[in-house]
Amino acid sequence: ESYAVVPMISKDQVVGVYLVDNCFNQKPIQDEDLDALITFSGQAALAFENIRLYDKIRTLAITDELTKVYNHRHYKDTIARYMESGISFILMVIDVDDFKSFNEIYGHATGDQVLQEVGRSLKNAVKYKGEAFRYGGDEFTIILPERTREEALDVARTIQDSALSIALHKVDHPLTLSIGLAAYPEDASCEKELFILADRKLKSAKESGKNTIHWEVL
């Protein structure tokens, strides 16, 4: 009579429980109290389920379906939020070397697998340090807020090592990545200029032999 544990049920599924205690007035919990608690539990379960549904829809809206990293729209929103807040960050632009050959030689299913594996590698390498995005096609970006160049280079090397260790079915072509980096606000004051600069460094990395990381344009 001192406490009750009430399930929160929505669509025949238990989505949570809540505990009711009478420690304030020490009065026994009566049957009529249970009726009110059960009614409240139904309303709470519906609200809780709506929150979960909203979170799921929001996650789907900002996630790239194939690679499971964030999508281009969320990349734009994240850049804008950091710039408006005056938060320094490093932008990393990443491209899969010779991606066209994966599609032409091994087929588009293998090309999709390459992108999925790269997305997984980026998420594992970044973890709590920043966020990974699919910019478009075989090009990805990473935003590392309030990180040093040395920390960004460590992340970039981890990504490249992870890509090289990926074993693709019936593929003997190594998976390598070229990476260009630029820092905000040191290198550029707006998103467009920052991306163009990092992308130029990426192209410079590819032209110098691929599977490389560039801070500078050679």
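The values are calculated or read from the model by the stated rules, or taken from the named source; none is laboratory data. What you see is a predicted model, and the numbers here were worked out from it, not measured in a lab. Because the Cβ atoms are built from the backbone with ideal geometry, glycine has one as well, and the counts that use them run over all protein chains shown. Only protein heavy atoms, including side chains, enter the accessible area calculation; ligands, DNA and RNA are left aside. Shrake-Rupley method; radii C 1.70, N 1.55, O 1.52, S 1.80 Å.
Things to note:
- Value of [θ]222 nm, deg cm²/dmol, for the chain, DSSP H segments ≥ 4, -39500 (n - 2.57) each, nearest 500: -16500 deg cm²/dmol
- Percent accessible area from carbon and sulfur atoms, the chain, protein chains only, probe 1.4 Å: 53
- One chain, two ends: Gln43 and Arg73. Fully extended at 0.36 nm per residue, the span grows by 7.3 nm beyond their Cα-Cα distance.
- Cα long-axis angle, helix 108-126 against the chain (0 to 90 degrees, to the nearest 10): 70
- All aspartates and glutamates inside 17 Å of Lys11 as judged from Cα atoms, apart from same-chain residues fewer than 8 positions distant: Glu49
- Segment Asp55..Leu19, full-extension length gain: 10.5 nm, with 0.36 nm per residue of separation and the alpha-carbon distance subtracted.
- Computed over protein heavy atoms with a 1.4 angstrom probe, the accessible surface ordering of Ser10, Ser208, largest first, is Ser208, Ser10.
- Calculated accessible area for segment 10-74 comes out at 78 Å² per residue, all protein chains present (probe 1.4 Å; ligands, DNA, RNA ignored).
- Solvent-accessible heavy-atom area per residue, rounded to whole Å², over segment 150-218 at 1.4 Å: 53
- For the residue pairs Lys100/Lys129; Lys76/Lys123; Lys129/Lys210, alpha carbon separations beyond 23 Å are given by Lys100/Lys129; Lys129/Lys210.
- Longest site-free stretch - the chain; sites: trypsin sites (Lys or Arg not before Pro), DSSP loop, at most 11 other Cβ within 10 Å: 12-169
- Computed on segment 78-218, with alpha-carbon pairs under 8 angstrom and 6+ residues apart, the relative contact order is 31 percent.
- At R0 = 41 Å, FRET efficiency that the Cβ-Cβ distance of Asp112 and Gln30 yields, to 0.05: 0.10
- Here the chain carries DSSP beta bridges of which approximately 90% are antiparallel, counting only pairs with both residues inside.
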